[in-house]
1. With the radius of gyration and the Kirkwood radius both derived from the Cα set of chain B, what is their ratio Rg to Rh?
2. Counting only residues 5 or more places away or on other chains, whose amide H sits under 5 Å from the amide H of B:H289 once H atoms are built in the peptide plane?
3. Determine, from the Cβ-Cβ distance of A:E297 and A:S125 and an R0 of 35 Å, the FRET efficiency 1/(1 + (r/R0)^6), rounded to the nearest 0.05.
4. Rg(Cα) of chain A divided by 2.2 N^0.38 Å?
5. Given a Förster distance of 25 angstrom, what is the FRET efficiency for B:S308 paired with B:Y351, based on the Cβ-Cβ distance and rounded to 0.05?
6. Any idea which of B:T187, B:N301, A:I119 is furthest toward the positive side of the dipole for the protein assembly as shown, if Lys and Arg beta-carbons carry +1 and Asp and Glu beta-carbons -1?
7. Between A:L20 and B:N162, what is the label-point separation in nm under the 7 Å Cα-to-beta-carbon projection?
8. Distance in nm between label sites at A:I135 and A:K85, each 7 Å beyond Cα in the beta-carbon direction?
Amino acid sequence: MEKARVVIIRSERALAANGLPDPSSMLRMFRKGLEILTGSNQAEEALRQLFQPAENIGIKINTIGRRAISTYPEMAVTLGLWLGKTLGHEDKIIIWDRTNEELKEAGYKLSRSVGSLRIMGTDSSGIGYTSQPVINRSVASLFSRIQAELVDSAISLALLKDHGIAGITGGMKNYFGAIHNPNKYHDSNCDPYLADLFEIDLIRKKHRLTILDALRVQYHRGPSYHPQWNEKTNQLIFGFDPVAVDAVGWKLIENLRAKKGLPTLSEERREPTYLQTAENSGLGLAHFDNIEIIEEEV
Amino acid sequence: MRRRDFLKGTAAGSGWLLTSNSLRTGQQRLLATEARTAAGLSRVEARYYDRLPDREIKCRLCPRFCQLGDKERGFCGVRENQNGKYYTLVYGQVASYNIDPIEKKPLFHFLPGAMAFSLATAGCNVACKFCQNWEISQMRPEQVQSRYLPPEAVAEAAARYNCPIVAYTYSEPVIFYEFMYDTSLETRKKGLRNAVITNGFINPEPLAELIKVVEAIKIDLKAFNQDFYTNYVRGQLKPVLDSIKQIASSKVWLEIVYLVIPTLNDKAEEIRQMARWLKTEIGPDYPLHFSRFQPMYLIKNLPPTPISTLERLRDIALEEGLHYVYLGNVPGHPGENTYCPNCGQVVIERYGYTIKKNSLSGNKCRHCHQIIPGVWS
């Protein structure tokens with residue numbers, strides 16, 4: 001079995017003096033992450049192999065925590081502009097989440113202008129959700145028309161956090177923001193719902209890349225923001241295998257918890273069992289024996 | 001405005017009530033300011049929750065006991081933790097309203113022939129795969145079009161259109177508990193009555209308070225086994241049975257509906273057990289309705305319930321000693337009628353939602369003077 005490759009890029013300069021991501025450092029981290037992940041020595045070439053020029057690319061972010069604990073605009077916009085510039089069509093890149101209000105409160109400036117990066121919520125005028133539920137195993141949901149109809153391929157640019165029910169929230173759970181009823185899928189540690197959702201073609205076939213934002217990690221009492229349990233780690237985690245990336249994120253959270261003397265997620269009966277379910281469904285690899293982790297500093 | 005115009009307006013999503021001169025402008029503005037956010041969701045503090053450390057909360061409204069961090073919503077999708085305080089987002093946010101005959105709920109022993117001003121918000125605390133109103137019940141409030149109708153406006157509209165009943169229905173009124181409760185108080189001031197059409201999935205404490213302000217409750221008993229509740233409802237049977245007992249021990253009128261879905265919850269033995277349980281626990285006099293299933297939402301692969309199945313199940317319930325067992329969604333069937341359990345004569349003859357003939361004399365059978373339990377006037 002071929003191992004899933006997960007790349008951890010660390011930079012002491014990731015966060016600027018104001019505590020926000022430094023765009024030039026972000027770009028360096030994105031480039032290095034892509035290069036190592038693809039084995040290419042030229043990140044832009046790797047991007048062009050990953051995405052076709054005509055494709056509309058969605059960057060799904062997570063803004064439920066507003067400015068305190070959301071995907072940083074300084075990070076997402078840097079990624080979007082880089083993709084747009086490399087692939088030649090800035091307006092084919094859509095940074096998106098559930099609502100415009102959440103996006104604005106997280107610091108994003110909405111944009112649907114022709115020729116520029118698009119930043120919008122599913123509740124934008126003329127968008128909304130598909131009209132009939134898509135059903136897969138335990139899940140039946142309407143999909144954001146951004147994910148279902150506007151984008152051809154997707155990047156999950158997700159914030160890595162502890163989660164009081166799921167155990168952790170990362171790249172897979174980020175897609176809960178693509179459906180109309182995530183509140184229905186938090187029973188039993190979100191298992192099997194997360195795997196069943198990801199298995200739907202609208203996600204599985206469009207998902208190309210996970211980038212976990214682990215610049216600061218909420219390692220306890222997440223997904224809400226609690227500064228006393230939020231640690232700066234200056235890392236981004238990259239992978240094509242959505243399960244493996246989240247498994248590595250889980251390990252990072254466990255390490256932080258152990259360092260602070262907190263019980264493991266298993267001990268708190270919220271181990272992210274959905275990762276094993278996802279592996280069982282053929283969505284990726286959850287076991288560390290099958291994951292190649294490459295770490296690099298930039 | 002005539003009733004026909006009202007119904008037309010409802011279907012078209014008209015906001016007539018907001019522009020109605022029955023609502024004084026100042027009052028309208030005040031209520032809007034109090035209860036609504038810029039996004040059109042209400043922000044009224046929820047009842048029945050505990051504050052926990054680290055801005056978490058635990059909801060005590062229904063047996064799910066959702067425990068939520070900041071910015072998270074419960075399973076219902078309409079109650080949200082905002083910085084350690086729990087809010088209902090649907091207070092006054094009416095996603096659907098209509099004037100329906102009370103027989104449509106169905107309530108057959110509660111003011112027969114009366115019209116009910118019926119309303120719902122978005123949201124539900126279960127997720128039935130056969131839901132007929134999933135387009136509001138399985139939605140979050142920001143995903144449906146709503147009209148702002150505070151309790152006073154609901155009571156006033158119901159009175160104006162000669163509806164003696166306000167019915168909380170369509171989705172699941174438990175999840176808009178605060179709005180339902182306050183509206184019930186307002187409607188009582190106008191001499192109107194309140195009917196709750198619910199899954200019964202509510203905790204005893206809020207139910208005990210609700211019972212004090214409403215006059216009738218219809219419970220959808222989805223099946224008589226937990227497996228069905230797990231696989232097709234995502235709820236629990238026992239709390240529903242507890243609710244049935246709690247309501248039956250109060251002064252509130254109770255009726256029970258059982259939607260019969262072919263092959264899923266139509267086993268004769270299970271129906272027999274259910275009928276025995278009902279007779280033992282609440283007595284033989286509360287009506288039980290067997291409703292005909294039509295394929296919809298996530299269960300489109302099963303046929304409508306054969307009428308013969310409904311008839312067989314009705315016979316079983318009658319055999320077990322229940323006095324009032326009805327068939328629903330089969331217009332014109334004799335099982336729609338109310339029969340006197342003493343003399344066997346028809347005391348109320350129905351066709352669909354229409355009363356064809358009411359032979360009650362007060363609360364008694366005109367033929368043999370047997371008391372027929374219910375709220376008849």
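1. Values: Rg = 20.6 Å, Rh = 21.3 Å.
Using only Cα positions, Rg/Rh for chain B is 0.96.
2. B:I256, B:V257, B:Y258, B:Y326
3. Taking R0 as 35 Å, the efficiency between A:E297 and A:S125 is 0.20.
4. Numbers: Rg = 17.6 Å, N = 298, 2.2 N^0.38 = 19.2 Å.
For chain A, the normalised Cα radius of gyration is 0.92.
5. Working: r = 21 Å, r/R0 = 0.82.
Efficiency for this residue pair is about 0.75.
6. Result: B:T187, furthest along the dipole toward the positive end.
7. Taking the two extended label points, one gets 6.4 nm.
8. Placing both labels 7 Å beyond Cα along the Cβ direction yields 4.8 nm.
Read-outs throughout are calculated quantities, based only on the coordinates presented, and are distinct from any laboratory measurement. Computed from a prediction, not measured in an experiment: that's the story for all the values here. For neighbour counting, all protein chains shown are included, and Cβ atoms are generated from backbone atoms with ideal geometry for every residue, glycine included.
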